[in-house]
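Structure incoming, see below.
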Amino acid sequence: MNTTTVTPLTTAEAEALVATARRAAELAGATVSVTVLDAGGHLLAFRRDDRAVLISGETSTRKAYTALQLNAPTADLVDLVKPDGPFHSLPTALDRPLLFIAGGLPVHRSGRLIGAIGVGGGAPEQDHSFAAAAVEELAR
């Protein structure tokens, strides 16, 4: 039995994730919303750029939630929910806010899931890259 304690994602780290993702988006000329959840799915940090489309707040949160619940980048899950995919009914089978669009990433520390980040507002590939930049910076 592994009894190693892993420090939870802190509010300061969540705010740093938001800031890094927003910087990456700004450099790309995108306006986005960024959501960070802790391992229990509770909101730790959120920010919507002034000019980001309103729905980006909801999509960033759902992407983070999906990445957290499935412990996988949402970009890796897109094909699984297509009509011929093994999880095609998952988005409607659960009464949960899942969203299978790139832009959500789980956050790990010492191999353990400690939270997730979701970015919405840019193209899906952009959102994924903004979230990835934030997670990479946190790991340094």
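Mind checking whether some residue in segment 112-121 is of a type outside the set (Val, Ile, Thr), within 27 Å of Thr10 (Cβ to Cβ) and surrounded by fewer than 19 Cβ atoms within 10 Å (Cβ to Cβ)?
The answer is yes, given that some residue of segment 112-121 is of a type outside the set (Val, Ile, Thr), within 27 Å of Thr10 (Cβ to Cβ) and surrounded by fewer than 19 Cβ atoms within 10 Å (Cβ to Cβ).
Listed here are the residues, each with its yes/no results for (1) within 23 Å of Ala16 (Cα to Cα); (2) hydrophobic (A, V, I, L, M, F, W, C); (3) surrounded by fewer than 16 Cβ atoms within 10 Å (Cβ to Cβ); (4) without any contact (Cβ under 8 Å) to a residue 24 or more places away in the chain.
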| residue | (1), (2), (3), (4) |
| --- | --- |
| Leu44 | yes, yes, no, no |
| Thr59 | yes, no, no, no |
| Phe87 | no, yes, yes, yes |
| Leu105 | yes, yes, no, no |
| Ala134 | yes, yes, no, no |
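Mind counting the residues in segment 1-34 that are assigned to a loop (DSSP other than H, G, I, E, B) and of a type in the set (Ser, Thr, Tyr)?
6
Condition first: in contact with a helix residue (DSSP H, G or I) (Cβ under 7 Å, 6 or more places away or on another chain) and buried (at least 17 other Cβ atoms within 10 Å of the Cβ). Now tell me which residues in segment 32-42 satisfy that. Break it down into steps so the answer makes sense when it comes.
So in segment 32-42, the residues in contact with a helix residue (DSSP H, G or I) (Cβ under 7 Å, 6 or more places away or on another chain) come out as 32-37, 41.
If the condition is that a residue be in contact with a helix residue (DSSP H, G or I) (Cβ under 7 Å, 6 or more places away or on another chain) and buried (at least 17 other Cβ atoms within 10 Å of the Cβ), then Val32, Ser33, Val34, Thr35, Val36, Leu37 are the ones that fit.
For residues that are buried (at least 22 other Cβ atoms within 10 Å of the Cβ) and not aliphatic (A, V, I, L, M), scanning just segment 66-79, find the one that is nearest to Gly40 (Cα to Cα).
By that ranking, first place goes to Thr66.
Continuing with this model, one more query. hydroxyl-bearing (Ser, Thr, Tyr) and surrounded by 17 or more Cβ atoms within 10 Å (Cβ to Cβ), is that true of Thr4?
Taking the combined requirement at face value, the residue does not satisfy it.
Something else: So which of Leu27, Leu94 ends up being surrounded by fewer than 14 Cβ atoms within 10 Å (Cβ to Cβ) and either farther than 14 Å from Ala131 by Cα or touching a Lys or Arg at 6+ places or on another chain (Cβ under 9 Å) (or both)?
Leu94
So which helices (runs of 4 or more DSSP H) stay within segment 38-140 end to end and still have 1 or more residues that are within 11 Å of the chain's Cα centre (by Cα)?
55-70, 124-139
Quick note: the coordinates plus some simple rules give every number you see, no bench work behind them. This is a predicted model, so every value here is computed, not measured. FYI the Cβ positions are ideal-geometry reconstructions off the backbone, even for glycines, and counts take in every protein chain you see.
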